[in-house]
Every structure is written in structure tokens, then in C-alpha cells.
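Structure record follows, encoded as C-alpha cells.
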Amino acid sequence: MSKNLYIAAAEAEAGKSMIILGIMDFLSSHIDKIGFFRPIVRSGEVMDNHIRLISSRYNLDFEYASMYGLTSNEMLDFHQTGDTEGVYTSILDKYKLLEQRCDFILVEGSDFRSHLSTYEIDFNLRVANNLGCPIITIVSGFNKDISEVSESIQIMRRILAREKCIQLGTIVNRAQKDDVESIRHILQKGMPESGVNCVIPEEPSLQKLTMRQIKDAINAKQLYGDKDSLSYDVVDFKVAAMNIDNVLNHLSEGTLIITPGDRLDVLMGLSLTLLSDNYPKIAGILLTCGFEPANNFKQLIYGLKKLPIAILSVDSDTFTAAAAVNNVRPLLLPENEQRIATALGLFEKHVNIKELAKKITIARSNVVTPVMFEYELFNRAKQNRKHIVLPEGNDDRVLRAASILLRRNVVDLTILGNEEEILTRAAALHINLAGAFIIDPYDNDLIGEYATEYFRLRKHKGISKEAAKELMYDVSYLGTMMVHKGHADGMVSGAAHTTQHTIRPAFEIIKTKPGISIVSSSFLMCLEDRVLVYGDCAINPNPDARQLADIAISSAKTASMFGIEPRIAMLSYSTGSSGKGKEVEKVREATEIVKRLRPDLKIEGPIQYDAAIDASVAKTKMPNSEVAGKATIFIFPDLNTGNNTYKAVQRSANAVAIGPVLQGLNKPVNDLSRGCLVTDIVNTVVITAIQAQEQ
């Protein structure tokens, strides 16, 4: 059993970064103080791309210099002086310093792109042995038939045996899809006792360049486009040296057009194609020769609706720029959530990570980081996939989130909106919605059935059949009725609608659970080392004592649903019996109601926030309390206090706030903030799926 792991590729182009990402995603969900180390990097000044990916995505708090052993130049200096052993000693020294700060270290071997290449495997295996690391080797299946892959596997195993390495398994990556099963049998036959013997098929989208990779690799300047436009895939590139009429005949989806910066005709024509449904959507434009568009063109393009494109500029001539682009290699970058989602989805589908866990020491930490919590959410959602409806198919953030969820294979999705418009917009955003169901609110077979059901539910309120049918054209009502009728398991909306617009149909159709007097909300607040529940911070302005008690009980159920032991703090401006006044009495009464209705719950109130969360304060103010100093659920007396507090904690503590999670409904419907990010939508959909599992 080991507290480290070494990942080494047997050759170039093996797709090692995807394997590293997948294993790191799993490890970071179980281990608090996890480190990442590379024995050799190209530069000590420019951060290694793989270190940047892992460090950024998993919030590793280590300085760059501590995460690698040597630079290429430092290693070359050792070899030139004949001090080969000094290479391994220096790497071990740096590793040991990092080891003192970590519970587990994932080590990634070198890249086959330097003077090391002639003896790279031997180098990596010797480093692994020196560091005391068991090893997983990666064999490339790219452009190989079964016999060639088999030979590579056997050669690698012989080398590992010769070097007496502790081998945990072999992953064949980038295999031809038709050969996956045959290669898997070869792996199992050769080493059935190994923990990880897996085959991952080639995924062409992971080998495409992005506009960001090209921009960074050739040091281009971005003249137009947002950060999302830099994540667009580049399928190929073309030099536009002809007039615009001929250029238009050679466009294809995902093309990068390289043209001199003074070709205004080409720029104008390409810009117009982005507004037309008759032309494929190019990935970007690279302007050469140091020419930038005239001010009139800039004024024109910035006055248009935001175009889905990145326009870059370089000083070099067109030939030199094209040659530079041709030499750029594909990379996984932390900014490209779509690409990362694809990589993780592929890894999780084909790699038996549980077998790996049996072979290495993973002591689950008592600390729960945001990364750990989000991983567990995704994992739980996948165990029993649910169907979630997204009513706001006209919002780009919703479409991007849907693409990520589909790539990660987390949930089934229905998106409401005109199918042609949604797919056209998805193409413009360079995202793939394959696998999603799309329902047009104005053209579907459900309206009649849904209108009849809504009329049945609301006729006592004076609703007419005609009005009921008209309401079913509203996406919030249509989505909610899908959930009510069991055609979807949950709904997430609110990115483009008010909270009232989102939840009113739920009140009318889905309604509250028996015994619950009020629908409320809670936020899952992911702090640096734990997850807390805040309620109610989004729905009820000034709940009375009974309603406050229901909010506490509902929040306890939410906490338990997500693995948080309920210890409820009923917050007020005073602690215990010291305070008097109407607001304190409301909290005191609510606390007593909870104790009467749910004597099994640990609850304290009224209590101040500091006494609820800080053990040293609790020792003074409430020394004998089961909750004070270790509360996990914080119930605020009113919306003003709750909403301001959660936002203050979110910003000042750099916490991840997931929610609001609606509580008390018979089926899950969740509301988004109109300022939400794509990540917020993804997390809320996963939360909703887990709520549906618990129904």
C-alpha cells in the first residue's frame, strides 16, 4: 500500500493528461492534502501546462517550484557534467519536501518531447522506484492494430518486471473503437491480478485544437470575442488569399481562417456568415502581418449582436503564422470546461477506479472541500440517472451547462424551446447537445393532456379551459407539468426568469409535502474544509415561528440527503436566555416547535452566529450544548439576514454557494439566480437529480 502513484506513458501521443485528470478527480474527492508532482518540466519560469491544469482545477496551494524536480536545462547540466545520479537525487530531494506537506502525491512522468526521449521509459521507471511509487503505465492505441497494441503491452510489462517496479495496471488509451473488447481481453489475460487494466477508445474531439491553445502557443493578441470564444474547437485551418467570393466556397464547420489584417473584404464577409443560417460556423479568424482592422470595421462589429467568434492578430506574415499554427499540439486547459467534461466523462465510463482505490492507501479525510463535495454529487447522480427538464432553451448558459452534463453522463435532459433555434444556437456556440430531448412549447403532443390536468387542479380557483391551455405555452408551467406527470423527475429554471415565475407553477401544481406549511430554500455553502447549510436565504421574507420551524426541519432533511449530519442553529442577535424582544421570542418559539415535532434532531436556539460556528466562543456562551461551536445548519430569522449573510460568506470566504435548493415540494423544482454562471446551473441540476432520487 502506498500514499503515492506514478503515471507514465510508454510513448508519445498517449493522452496522458486525460488519465491524470481523471485519477486526480477521484483522489481529490477523498483526500484533503493532495499534491501533484512532475520529475521534469520544460521551464521554471513558464508554468508547465499539466501542472497549471491540475493546480488550477483542484485549487492546489503549492508554489510552482515545489511541484517539479528539475527543468530540462537543469537536467542537461547534470548530464554534461557526468553526474547522472545527481538527477535522481535532486528530484528525490524536491519530492520529499512536497511529501511533508501532503497526505498523497500523484506523480506524472515526462512527455517524450525533449532529449530524454531515447531512454524516457527507463528514466520514468527509475524515478518511480526512487520515489517509492507504484506505477500505472499508459500505452497508446492510436493508429495501431490489435497485434501492435498487444506487442506494446508485452514490451512494457517486460521492462517493468526487469526494473522491479510495483505495477498497478496498464491503461490502453486512444484505441480504435472496434478493438476495445479484444484489447481488454489481452490485458486481463496477461495480468488478471492488477488493479487497473482498462481500454479507452479514441475520442477525436480531445485531439482538436482550441482557439485558446492557438492564441497562447503563437502569442497572438485577441482583438474580438469573449473567453468562451477561445474554447471553440478548431477542426482545420485555411489561408484566405483569394477574394471573398471564393473564400466563402471553402468554409467548413470549425475552420480557422488565416488572412492578412488589411483584407477588409474577407473580414466583412466572414463576419456576415456568423449571422447567416446558410453558412457553417467558423471557429475564428487569425489576422497576420501586424495589420489590425480599421476603426470603421471595429465600430461596425462591436455594434452587432455578440458574434460567436474569436479574432486574433499576430505580427508575423501569413506563411509563418500558418506554419506556427500547424505546429501547435492539443492540450487540456483549465479554462475549457466543455473539453474537461468530455475527458472526465470518457475516463469515468471506461476506467475502473474502484479497483485502483483498493491498491493504494486512501484514508478518507474528515475535511470536506468543495471539490470533494462536488465529486460526490456527480457520483451519486450517476448511480441512478434522473431526467431533468430545462425550460430556458434560449439562454446560452443553459445550453452550455446542458452540454457539460451530457458529456459527463450525469442526467437525462429535456430542453424546452424551438428545436431548430436551439440546435442553430448550439452550433454557433460550438457545443454538442446530442442525447438531449428538445420540446417546442408551441408544437408538441403534450399540451392537450397538460391543459386538462391543470384545469382539473385549478378549476376551483375559477380557471377556464382556454386559460389553462394558454398557460401551458409558458415554459415554466410546461416544465412543471412534465415533472408533475412523471415525464421528468425534476426541473431547473430561473436563469432568465424571476424566482416567482419559476416557483409559482410549482406551488399550484406540485404543491407542498404533507405536514409542511411552507416551501423554503437552503444553500449548500462549500467552505474550504466543510459544507454547511444556510436557510432560508431566497424565498420567505419574514417567516413566523411555525414557518421558521418548518424551514429548520426541511433544512435538516436537505442536510441528511447530502451527507451532512444535522446540527441546527436557530440564529438570533442573542444567545440562550440573555435576549428579550419580539424577534428573539420568535426564534425561541420556533426552536421549541422543532423539539416537539422532531425530538431526534439536535437543535439550539436562539444562538448567535459566532457561538454556533466557533468552538472557543461556544465554550464560553453555551459550554454544554451539542450544537454550539459545531453547527452544520444555520437558520436565519428572516430573508434580509439570510440573503446578506450567505452572499457575504460567499465573497469574503471564497465559498462555493450551491443553490438555492427548494425544500418542501412533493417533487424537486429548483430556482437559479439570473446572474448564475454555467457551473451554478450544472451543480443545481445535479442537486435536483439527487433530490429526485430521494423522493
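The heavy atoms of Tyr375 present about 40 square angstrom of accessible area, all protein chains included, probe 1.4 Å.
Protection proxy ranking, highest mean first, for peptides 538-544, 271-277: 538-544, 271-277, where packing is the per-residue count of other beta-carbon atoms within 10 Å, averaged.
Solvent-accessible area per residue in the chain equals 43 Å², computed with a 1.4 angstrom probe and all protein chains kept. Summing Lys, Arg as +1 and Asp, Glu as -1, what charge do residues with Cβ under 15 Å from the Cβ of Asn542 carry, Asn542 excluded? In short, -4.
For the chain, with all protein chains present and a 1.4 Å probe, just round the carbon and sulfur fraction of the accessible area to a whole percent. Heavy-atom surface of the chain belonging to carbon and sulfur, 1.4 Å probe: 49 percent. Ordered from largest to smallest accessible area (heavy atoms of protein chains, 1.4 Å probe), the residues Lys630, Lys189, Lys177 come out as Lys189, Lys177, Lys630.
Accessible surface comparison of Lys96, Lys582, probe 1.4 Å, protein chains only, largest first: the order is Lys582, Lys96.
Quick one: work out the % antiparallel among DSSP beta bridges in the chain, nearest 5. Numbers along the way, then the final one.
Working: 18 of 80 bridges.
Roughly 20 percent of the beta bridges in the chain run antiparallel, per DSSP.
Taking every DSSP helix (H) stretch of at least 4 residues in the chain, weighting each as -39,500 (n - 2.57) and dividing the sum by the residue count yields a mean residue ellipticity at 222 nm of -13000 deg cm²/dmol.
Peptides 238-246, 458-466, 403-411, 429-437 ordered by packing proxy, namely the average of other Cβ atoms within 10 Å per residue, highest first: 403-411, 429-437, 238-246, 458-466.
To the nearest 10, the accessible area of Arg546 is 100 Å² with a 1.4 Å probe. A 1.4 Å probe over all protein chains sorts His497, His79 by accessible area into His79, His497, starting with the largest.
Applying a threshold of 29 Å to the alpha-carbon distances of Lys164/Lys359; Lys511/Lys595; Lys298/Lys647; Lys602/Lys667; Lys459/Lys513 flags Lys298/Lys647 as lying beyond it.
The values are calculated or read from the model by the stated rules, or taken from the named source; none is laboratory data. What you see is a predicted model, and the numbers here were worked out from it, not measured in a lab. Backbone-built Cβ (ideal geometry, glycine too); neighbour counts: all protein chains shown. Areas reflect the complete protein model, heavy atoms only, side chains present, ligands, DNA and RNA absent. Shrake-Rupley method; radii C 1.70, N 1.55, O 1.52, S 1.80 Å.
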